[in-house]
Amino acid sequence: MKKIAVLTSGGDSPGMNAAVRAVVRKAIYNDIEVYGIYQGYQGLLDDDIHKLELGSVGDTIQRGGTFLYSARCPQFKEASVRKRGIENLHKHGIEGLVVVGGDGSYRGAQRISEETKDIKTIGIPGTIDNDINGTDFTIGFDTALNTIIESVDKIRDTASSHARTFIVEVMGRDCGDLALWAGLSVGAETILVPEAHTDIKDIAEKIEKGIKRGKKHSIVMVAEGCMTGQECADELMKYINVDARVSVLGHIQRGGSPSGADRVLASRLGGYAVELLMEGETGKGVGIKNNKLTATPFEDIFNKDDHKFNTDIYELAKELSI
Ligand code: F6P
């Protein structure tokens, strides 16, 4: 393996830069040339491919976002479009591709490894949603979690001053992990996630019970994949008459300097991705399970549901918020 490329794709996440830095530095350390593909798969199609040096990733480990830029590129699903991208990789003599992104980004990498045997592909899980099989944690999840905690701690101050109920909507299109972990961390009264059904009437009763025993405010944490914060508030108001406010945290959750945990995870996964390419591995996504680095075939990542919703945490959060 003499030349590899790296791209970031899909929704960005804090720590993507740290992952790219690790890929670049690990490769150069092993005398492998590295190319950065700018704007994700779109840049691959547009031949926005440039050689990276050690200094190209200097001063990036602490930065949020991705200096390679990211894009969603639905047209990459078409074989004829992909052919153009593969031709560009061949043109630069690239033999290995590292893709940092989520499920959709992995699918592009899987197709490339199937359609051309001389380009090996490895995926690194980069998304705040923590919704990828084959890993306990995705890069960006921990930072987003801390951003939510910091925001809700502030919301709690004003909620308390005004004796209000706050419905906080957090990201997580198909996965309730951000809502679950943040909900436990901020002591939310209720956590609404796509993985578990919660009766809104029960939430209303719980809030009412809390008010009766002197509680000054309530926090309801809602994953966007379950319902919107506004829908939750509207439903809730059918049962109780509280002074409720909705706060949608939105894209603030995707920004910011990566946490220590994310920097370490990104560095370990980036280095491991290069090791796998050097060993001739392809069509796999790297991850971390029980603090051990793992590599899982894309096929299993797409089809085996091993990133289970943590019911222990969910039940504990319920028990602690009675
Ligand atoms: O990357 C995942 C995610 O942050 C989801 O949680 C969210 O639903 C989505 O991206 C938002 O995407 P966009 O920035 O394209 O609107």
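The values are calculated or read from the model by the stated rules, or taken from the named source; none is laboratory data. Here the structure is a predicted model, which is why all the values come from computation and not from measurement. Positions of Cβ are backbone-derived with ideal geometry, glycine not excepted, and every protein chain shown enters the neighbour counts. Side chains are part of the model used for accessible areas, which takes the heavy atoms of the whole protein and leaves out ligands, DNA and RNA. Shrake-Rupley method; radii C 1.70, N 1.55, O 1.52, S 1.80 Å.
Using the structure shown, decide if residue 63 is at pLDDT 95 or above, within 25 Å of the chain's Cα centre (by Cα) and part of a loop (DSSP other than H, G, I, E, B).
yes
All but one of (1) of a type in the set (A, V, I, L, M); (2) within 15 Å of the ligand (Cβ to nearest atom); (3) open to solvent by 30 Å² or more (accessible area, probe 1.4 Å) hold for residue 149; which doesn't?
The failed condition is (2).
Exactly one of these conditions fails for residue 214: (1) free of Cβ contacts under 8 Å to residues at least 12 places away in the same chain; (2) farther than 22 Å from residue 187 by Cβ; (3) more than 17 Å from the chain's Cα centre (by Cα). Give me its number.
(2)
Restricting attention to segment 152-181, which residues are among the small types (Gly, Ala, Ser) and farther than 18 Å from residue 307 by Cα? Step through it out loud before you land on a result.
So the first thing to find is which residues in segment 152-181 are among the small types (Gly, Ala, Ser), and the list is 159-161, 163, 172, 176, 179.
Once the filter is applied, which keeps residues that are among the small types (Gly, Ala, Ser) and farther than 18 Å from residue 307 by Cα, segment 152-181 yields 159, 160, 161, 163.
Based on what the data block shows, is residue 62 touching a Pro at 6+ places or on another chain (Cβ under 9 Å) and either over 28 Å from residue 142 (Cα atoms) or away from the ligand (no atom under 16 Å from the Cβ) (or both)?
Yes: the conditions hold for residue 62.
Check residue 237 against each of (1) in contact (Cβ under 8 Å) with a residue 12 or more places away in the chain; (2) touching a strand residue (DSSP E or B) at 6+ places or on another chain (Cβ under 8 Å) and name the one condition it does not meet.
(1)
From the list 288, 313, exactly one residue is among the hydrophobic types (A, V, I, L, M, F, W, C), outside the structural domain of residue 180 (by the TED database) and touching a Ser or Thr at 6+ places or on another chain (Cβ under 7 Å). Which is it?
Of 288, 313, the one residue that is among the hydrophobic types (A, V, I, L, M, F, W, C), outside the structural domain of residue 180 (by the TED database) and touching a Ser or Thr at 6+ places or on another chain (Cβ under 7 Å) is 288.
Looking at residue 284 and the list (1) within 21 Å of residue 169 (Cβ to Cβ); (2) open to solvent by less than 70 Å² (accessible area, probe 1.4 Å); (3) more than 16 Å from the ligand (Cβ to nearest atom); (4) of a type outside the set (A, V, I, L, M, F, W, C), which single condition is not satisfied?
In the conditions (1) within 21 Å of residue 169 (Cβ to Cβ); (2) open to solvent by less than 70 Å² (accessible area, probe 1.4 Å); (3) more than 16 Å from the ligand (Cβ to nearest atom); (4) of a type outside the set (A, V, I, L, M, F, W, C), residue 284 misses (1) alone.
If a residue counts only when it is open to solvent by less than 40 Å² (accessible area, probe 1.4 Å) and within 15 Å of the ligand (Cβ to nearest atom), which strands (runs of 3 or more DSSP E) contained entirely in segment 186-275 have at least 3 such residues?
Working: elements: 190-192, 218-223, 244-248.
It comes to 218-223.
If you take the residues of segment 103-125 that are within 16 Å of the ligand (Cβ to nearest atom) and at pLDDT 95 or above, which of them is nearest to residue 90 (Cα to Cα)?
The qualifying residue nearest to residue 90 (Cα to Cα) is 108.
So if I check each of 40, 96, 85, 36, which one is within 24 Å of residue 174 (Cβ to Cβ), surrounded by 18 or more Cβ atoms within 10 Å (Cβ to Cβ) and in the same structural domain as residue 10 (by the TED database)?
Only one candidate passes the filter, namely 40.
Output yes when any residue across segment 303-314 is within 30 Å of residue 6 (Cα to Cα) and open to solvent by less than 70 Å² (accessible area, probe 1.4 Å), and no when none is. Even if it seems obvious, please write down each step before you answer.
Filtering segment 303-314 for residues within 30 Å of residue 6 (Cα to Cα) gives 303-308.
Now restrict to residues that are open to solvent by less than 70 Å² (accessible area, probe 1.4 Å): 306-307.
Among the residues of segment 303-314, at least one is within 30 Å of residue 6 (Cα to Cα) and open to solvent by less than 70 Å² (accessible area, probe 1.4 Å), which makes the answer yes.
So, in segment 152-172, exactly how many residues are touching a helix residue (DSSP H, G or I) at 6+ places or on another chain (Cβ under 8 Å) and either within 15 Å of the ligand (Cβ to nearest atom) or not in a loop (DSSP other than H, G, I, E, B) (or both)?
11
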